[in-house]
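Visitor: Got a structure for you, questions after.
The values are calculated or read from the model by the stated rules, or taken from the named source; none is laboratory data. Computed from a predicted structure; not experimentally measured. A quick note on method: Cβ atoms are made from the backbone with ideal geometry, for glycine too, and the neighbour counts reach across all protein chains shown. Just the protein is used for accessible areas: all its heavy atoms, side chains included, with ligands, DNA and RNA removed. Shrake-Rupley method; radii C 1.70, N 1.55, O 1.52, S 1.80 Å.
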Amino acid sequence: MIAMNDPFNYVEAAEHAAKRLGIDTIELVDPVGRDFCVDTTKARYVLGYKPQYDVFGLIDKAVEFCRSGRQRRQRSGFKG
């Protein structure tokens, strides 16, 4: 699961990703979709969790990685 401190809008995130990738977006209607929030308060206070990126920074890093040609690391084998 990826969680950040701030909520984000999926349409804006998709538009940002599309712009970075040079592709178009399409509009989808999900009649049963629900917004949700992952509360990171406890992780921040107990574990010192500090997200390094917001959703736009995460998209930028993912696009950068894909374009770099670097190999993905092997999966850890965790089946959780």
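Visitor: Based on this model, can you work out whether R20 counts as assigned to a helix (DSSP H, G or I) and within 16 Å of the chain's Cα centre (by Cα)?
Guide: When the stated conditions are applied, R20 passes them.
Visitor: Applying the selection to the stretch 6-40, what residues are under 21 Å from Q52 (Cα atoms) and of a type in the set (K, R)?
Guide: If the condition is that a residue be under 21 Å from Q52 (Cα atoms) and of a type in the set (K, R), then R20 is the only one that fits.
Visitor: Looking at V46, V29, V63, which is the one that is out of contact with any strand residue (DSSP E or B) (no Cβ under 6 Å at 6 or more places or on another chain), assigned to a loop (DSSP other than H, G, I, E, B) and of a type outside the set (S, T, N, Q)?
Guide: On the way: V46 fails: assigned to a loop (DSSP other than H, G, I, E, B); V63 fails: assigned to a loop (DSSP other than H, G, I, E, B).
Just one listed residue meets the conditions, V29.
Visitor: Step by step: first the residues of the stretch 26-80, then only those that are at pLDDT 80 or above and of a type in the set (S, T, Y), then the one that is most open to solvent (accessible area, probe 1.4 Å). Which residue is that?
Guide: The qualifying residue most open to solvent (accessible area, probe 1.4 Å) is Y45.
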